Amino acid sequence: MEKRDKIYEGKAKIVYTTDKPGLVIQYFKDDATAFNAEKRGTIVGKGVVNNRMSATIFERLGKARIPTHFMATLSDREMLCRRLDIIKIETIVRNVVAGSLAKRTGLPEGTAIRQPIVELYLKSDPLGDPMINDDHVRMLKLAMPRELAWIKRTALRINTVLVPYLRKKQLLLVDFKLEFGRAGKTLLLGDEISPDTCRLWDATTREKLDKDRFRRDLGGVEEAYQEVYRRVVPQQ
Ligand code: TMP
């Protein structure tokens, strides 16, 4: 597989075309940002952790017949993926109150949520990813109603697969962010699933093992990423 032109550079990843038109390479960087890139830093080794963990999770989801863009791991930091037109919606699933939900509701962080919550945000850096609802999705023509219904249903199916899977690895899946895209007429899960895009707490101690350590200056950031790597990614 030949890597060709850079087509997109985001805060944590670079996407390259390949010699096959339908396939791209995602390169995972160590760069970290928070609060819409107001805070910037480096988390040494993060790119490797996020690439390998995403591959492991996408393979698990594939076994559960959840379609993803993942094709193959190419190296420590590179993943071969189907090329997607990304739908400009960030879908969040929540099992436990944390982060912006704690702020919005006044409920203490750590409060259990009886039935998982799905939230939608507009994927827009200039606007700071505002929360939106189904009516805004329709107004902005972000997705067809049946596409949105599929996205929400699939987000909850992913949650149903990942909660017990991560629990076996002594991780509590507090919440996570998903991005979906179109490959022709097919909808696929895209982006990544990693400690950048999930809140993961130790199942017993509730220690934070995710990007909140960076966002909130809690220290031990690299160590937390390595701990998640050790628990989730099968070691050769
Ligand atoms: P929030 O509580 O800040 O809304 O975050 C919910 C989840 O989404 C959390 O697991 C972190 C993830 N997330 C991202 O992946 N990207 C983002 O830009 C933000 C704000 C959150």
Practice problem: Assign one of three labels to the chain, namely rounded, prolate or oblate, based on the Cα gyration tensor with a ≥ b ≥ c the square roots of its eigenvalues; rounded applies when a/c is under 1.5, prolate when it is not and a/b is larger than b/c, and oblate otherwise. | Solution: rounded
Self-check item: Spatially proximal lysines relative to Lys211 (Cα-Cα < 25 Å; intrachain offsets below 8 disregarded)
Solution: Lys11, Lys13, Lys29, Lys39, Lys46, Lys88, Lys103, Lys123, Lys152, Lys168, Lys169, Lys177
Quiz prompt | Reach of Lys20 by Cα under 19 Å, taken over lysines that are not fewer than 8 positions away in the same chain | solution = Lys3, Lys6, Lys185
Practice problem: Please report, as a whole percent, how much of the solvent-accessible surface of segment 140-236 comes from carbon and sulfur atoms (probe radius 1.4 Å). | Solution: 54 percent
Self-check item: Å² of accessible area per residue within segment 176-236, as computed with a 1.4 Å probe and no ligands counted
Solution: 43 Å²
Quiz item: What accessible area per residue, rounded to a whole number of Å², is obtained for segment 5-48 using a probe radius of 1.4 Å?
Solution: 50 Å²
Quiz item: For segment 1-64, what % of the accessible area comes from carbon and sulfur atoms, probe 1.4 Å?
Solution: 48 percent
Practice problem: May I ask you to derive the relative contact order of segment 15-74, considering only C-alpha pairs under 8 Å and at least 6 residues apart, and to give it as an integer percent? | Solution: 20 percent
Quiz prompt | Between segment 111-190 and segment 203-225, the alpha-carbon center distance in angstrom | solution = 23 Å
Self-check item: Helix-only mean residue ellipticity at 222 nm for the chain, each DSSP H run of n ≥ 4 adding -39500 (n - 2.57), per residue, nearest 500
Solution: -9000 deg cm²/dmol
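Determine the dipole magnitude for segment 71-157: charges of +1 sit on the beta-carbon of Lys and Arg, -1 on that of Asp and Glu, nothing else is charged, the reference point is the Cα centre, and the result goes in debye to the nearest 20.
320 debye
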Quiz item: Which of the peptides 27-39, 108-120 is most tightly packed, and how do the rest follow, judged by the mean count of other Cβ atoms within 10 Å per residue?
Solution: 27-39, 108-120
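The values are calculated or read from the model by the stated rules, or taken from the named source; none is laboratory data. Remember, it's a predicted structure, so these values are computed and weren't measured experimentally. Glycine gets a Cβ as well: all are built from the backbone with ideal geometry, and neighbour counts include every protein chain shown. Heads up: the accessible areas ignore ligands, DNA and RNA and are worked out on the full protein's heavy atoms, side chains in. Shrake-Rupley method; radii C 1.70, N 1.55, O 1.52, S 1.80 Å.
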